[in-house]
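Novice: Handing you this structure, nothing more for now.
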Amino acid sequence: MASLELAELKKQLEGLLEKQFVRPSVSPWGAPVLFVKKKDNSQEEHAEHLRVVLQILKDNQLYAKLSKCEFWLELVNFLGHVISKGGIAVDPTKVETVMDWNSPKSVTEIRSFLGLAGYYRKFIEGFSKLALPLTMLTRKDKAFVWTTKCEENFQELKKRLTTAPVLILPDPKENYNVYCDASKQGLGCMLMQQGKVVAYASRQLKSHEQNYPTHDLELAAIVYALKV
């Protein structure tokens, strides 16, 4: 694995650890094996992949508990997502958690909510802009004052999480469309293919970017969209 890939992997693992989606472990047992059909998408090729994986396990004297194995699924729950041939959706159990979430009463509660919501930010258009009033309250130089704007954006984030679209699985053979937007609240972009959303992305402005004129902000949004 290249150094840049290792750095990105470390960054993602640290993010998952912070959100408590994963935890450190010294167990000799491996993570779940997840594999899907490739290339011609035929059942025969998928069966061959299954045989290869099971043979590798056998050759290395590794064992899978049959009661925890599932084969030939139309959809699978994986890391808080539901994945099927139709695309990727938010796990319904996570949606229920969001629906029951009360308005935060402390910085810790805000961080917990933003940790869960941020994990699904690719499903939410304009996530960073909506999260900005809440993020501001987590800063050390800000007093905790839950304003009407905070409540409105909190409820809007909950609404968008509970009505999040199914993101399509991109086809590398098809063309992509990238849409960008910029404002004094942040940068945003959307990746689409054949008129359907592949993913949303957004971030808040860095301190020096807050002084950018409009055309520079628009250019910054383009650069961000192509890098993200």
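We did not get these values from a lab; they are worked out from the coordinates using the rules stated. All figures in this text were calculated on a predicted structure; none of them were measured in a lab. Cβ atoms come from the backbone with ideal geometry, glycine included; neighbour counts cover every protein chain shown.
Novice: Within 10 Å, at most 14 other Cβ atoms, and a DSSP state outside H, G, I, E, B define an exposed site. Report the longest part of the chain free of exposed GluC sites (Glu not before Pro).
Specialist: Of all site-free stretches, the longest is 75-173.
Novice: Taking the Cβ-Cβ separation of Asn211 and Thr147 as r and a Förster radius of 30 Å, what is the calculated FRET efficiency to the nearest 0.05?
Specialist: With R0 = 30 Å, the Cβ-Cβ based efficiency is 0.75.
Novice: Semi-axes of the equivalent ellipsoid for region 128-206, please: Cα gyration tensor eigenvalues, times 5, square-rooted, ordered largest first, whole Å.
Specialist: 31, 15, 9
Novice: Any chance you could give the angle, 0 to 90 degrees and rounded to 10, that helix 43-59 forms with the longest Cα principal axis of the chain?
Specialist: Between helix and principal axis, roughly 80 degrees.
Novice: Determine the principal axes of the Cα atoms in region 177-227, then give the extent along each, sorted from largest to smallest and rounded to whole angstroms.
Specialist: So the three principal-axis extents are 36, 17, 16 Å.
Novice: When Lys and Arg each count +1 and Asp and Glu each count -1, what net charge do the other residues less than 13 Å away from Arg51, Cβ to Cβ, add up to?
Specialist: Charge balance near Arg51 sits at -3.
Novice: Oh, and also: Give Lys122/Lys173; Lys11/Lys94; Lys105/Lys142; Lys173/Lys196; Lys105/Lys184 a once-over and call out the pairs whose C-alpha atoms are over 18 Å from each other.
Specialist: Result: Lys122/Lys173; Lys11/Lys94; Lys105/Lys184 exceed 18 Å.
Novice: Gain in length, Asn60 to Asn175, computed as 0.36 nm per residue apart minus the alpha-carbon separation, to one decimal in nm?
Specialist: Roughly 37.2 nm would be gained on extension.
Novice: If you stretched the chain out fully between Thr162 and Ile222, how much longer would it get, using 0.36 nm times the residue separation minus the C-alpha to C-alpha distance?
Specialist: Answer, rounded to one decimal: 18.7 nm.
Novice: Let me ask something else. Please give the Cα centre distance for region 147-188 versus region 106-120, rounded to the nearest Å.
Specialist: The distance from the Cα centre of region 147-188 to that of region 106-120 comes to 17 Å.
Novice: Right, another one. How large are Rg and Dmax for the chain when calculated on the C-alpha trace, in angstrom?
Specialist: 20.7, 62
Novice: Within 10 Å, at most 14 other Cβ atoms, and a DSSP state outside H, G, I, E, B define an exposed site. Report the longest part of the chain free of exposed chymotrypsin sites (Phe, Trp or Tyr not before Pro).
Specialist: 73-143
Novice: Could you compute the FRET efficiency for Glu96 and Glu44, with r as their C-beta to C-beta distance and R0 at 45 Å, rounded to 0.05?
Specialist: The value I calculate is 0.70.
Novice: For the chain, what relative contact order do you get, as a whole percent, if you take Cα pairs closer than 8 Å and at least 6 residues apart?
Specialist: Computed over the chain, the figure is 15 percent.
Novice: If you consider only alpha-carbon coordinates, what radius of gyration and Dmax does region 88-162 have, in Å?
Specialist: Expressed in Å, the Cα Rg and Dmax of region 88-162 come to 11.9, 39.
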